[in-house]
Amino acid sequence: MNPIESYISKFIGKTIAVAVHDLETGKSMHINADESFHPASTMKVPVMMEVFRESHEGRFSLQDQLEIFNSFTSIADESKYALDIADDSDTSLYARIGESESIQELTRLMIVRSSNLATNILIETVGAKQTNSFLQELGIQGVTVVRGIEDNVAFRLGMNNSATARGLTHMMTLIAEGKVVSKEASDEMVQIMLGQEFNESIPALLPKSARVAHKTGWTGEFYHDTGIVFPENRKPYAVSILTRGFPEDKEKEAHACMSTLSKMIYDQIV
């Protein structure tokens with residue numbers, strides 16, 4: 001058992017999955033990597049990818065403006081629902097209902113502040129089905145997007161998004177390699193993720209010289225982080241850490257576990 005597996009085994013009653021792919025050596029590491037999880041906000045990265053795909057194909061420009069609204073349709077029964085500002089880590093858009101914002105800025109807010117409202121507005125524009133089809137087209141397995149955030153009717157019926165550590169790491173590897181939409185689009189997505197404002201997990205214990213483009217996710221007992229780590233003077237590596245079983249009021253424990261794993265992975269690679 002390697003030290004990382006040994007560390008994970010100490011967390012009784014928790015499910016912890018890790019997938020790493022090193023672009024420098026081509027080596028990978030997988031621990032519980034095909035375990036399926038509720039992806040929480042990590043699913044916002046596929047939405048960003050679909051935004052860039054449709055923009056690249058000329059369906060719209062990233063500078064185009066969208067109306068800010070808060071009324072969405074359940075995929076389960078077409079009933080209407082609204083997002084709760086109390087459950088959103090970004091509250092800035094709720095005071096601006098009826099105004100407009102650029103697709104580019106909505107995409108940034110969806111990633112760096114994990115705005116649920118921006119996410120659902122963008123999904124209304126690009127479509128969950130199209131987002132999922134693009135993942136399949138790229139050969140990314142184990143990551144599915146079927147609906148927006150807080151569609152509680154669908155949630156109760158088990159109509160949910162899903163992710164595996166292997167799938168998310170494959171996704172991040174393709175972005176790091178410049179293979180999602182185009183080299184330019186992939187680089188832009190990396191730049192957005194480098195602006196991430198929630199840095200308690202993958203980047204927390206790494207040297208300041210290592211830049212991290214990543215997306216966190218949290219809901220209930222699920223705490224995740226997936227991204228690309230750029231150590232100095234070498235190619236990057238893609239890493240995903242997914243967890244299930246840390247209680248909602250123990251987020252510091254979850255972050256400590258994930259940041260420790262991230263540092264162990266970094267030390268093994270670099």
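The values are calculated or read from the model by the stated rules, or taken from the named source; none is laboratory data. Note that this is a predicted model, so its numbers are computed, not measured. A quick note on method: Cβ atoms are made from the backbone with ideal geometry, for glycine too, and the neighbour counts reach across all protein chains shown. Areas reflect the complete protein model, heavy atoms only, side chains present, ligands, DNA and RNA absent. Shrake-Rupley method; radii C 1.70, N 1.55, O 1.52, S 1.80 Å.
Some notes on this structure:
- For the stretch 211-250, filtered to residues that are touching a strand residue (DSSP E or B) at 6+ places or on another chain (Cβ under 8 Å) and hydroxyl-bearing (Ser, Thr, Tyr), the residue that is farthest from ASP90 (Cα to Cα) is TYR237.
- Test: SER133 is under 25 Å from MET159 (Cα atoms) and open to solvent by 20 Å² or more (accessible area, probe 1.4 Å): yes
- Selection from the stretch 146-165 of residues that are buried (at least 24 other Cβ atoms within 10 Å of the Cβ) and in a helix (DSSP H, G or I): ALA165
- Among residues of the stretch 221-237 being assigned to a strand (DSSP E or B) and either polar (S, T, N, Q) or closer than 13 Å to THR42 by Cβ (or both), the one that is most open to solvent (accessible area, probe 1.4 Å) is PHE222.
- Residues that are out of contact with any Gly (no Cβ under 6 Å at 6 or more places or on another chain), at pLDDT 95 or above and surrounded by fewer than 24 Cβ atoms within 10 Å (Cβ to Cβ), drawn from the stretch 238-250: ARG244
- Residue check, LYS27 open to solvent by 70 Å² or more (accessible area, probe 1.4 Å), under 30 Å from LYS263 (Cβ atoms), free of Cβ contacts under 8 Å to residues at least 24 places away in the same chain and among the basic types (Lys, Arg): yes
- Subset of the stretch 1-14 [on the phi < 0 side of the Ramachandran plot and either open to solvent by less than 40 Å² (accessible area, probe 1.4 Å) or of a type in the set (Gly, Ala, Ser) (or both)]: ILE4, SER6, ILE8, SER9
- SER74 vs. criteria hydroxyl-bearing (Ser, Thr, Tyr), in contact with an Asp or Glu (Cβ under 8 Å, 6 or more places away or on another chain), surrounded by fewer than 22 Cβ atoms within 10 Å (Cβ to Cβ) and under 27 Å from THR164 (Cα atoms): yes
- Residues in the stretch 197-220 that are among the polar types (S, T, N, Q) and in contact with a Pro (Cβ under 7 Å, 6 or more places away or on another chain): none.
- For the stretch 187-206, the set of residues classified as among the acidic types (Asp, Glu) and either closer than 13 Å to THR226 by Cα or in contact (Cβ under 8 Å) with a residue 60 or more places away in the chain (or both) consists of GLU188, GLU197, GLU200, listed by residue number.
- Just one of (1) touching a residue at least 40 places away in the same chain (Cβ under 8 Å); (2) within 26 Å of ASP34 (Cα to Cα); (3) open to solvent by 60 Å² or more (accessible area, probe 1.4 Å) fails for ASP84. It is (2).
- Entry remark, the stretch 192-220: residues being at pLDDT below 95 and open to solvent by 40 Å² or more (accessible area, probe 1.4 Å) number 1 in total.
- With respect to the conditions (1) surrounded by fewer than 19 Cβ atoms within 10 Å (Cβ to Cβ); (2) touching a Lys or Arg at 6+ places or on another chain (Cβ under 9 Å); (3) within 21 Å of GLU188 (Cβ to Cβ), SER115 lacks only one, and its number is (1).
- Some residue of the stretch 183-191 being open to solvent by 10 Å² or more (accessible area, probe 1.4 Å), touching a strand residue (DSSP E or B) at 6+ places or on another chain (Cβ under 9 Å) and at pLDDT 95 or above: yes
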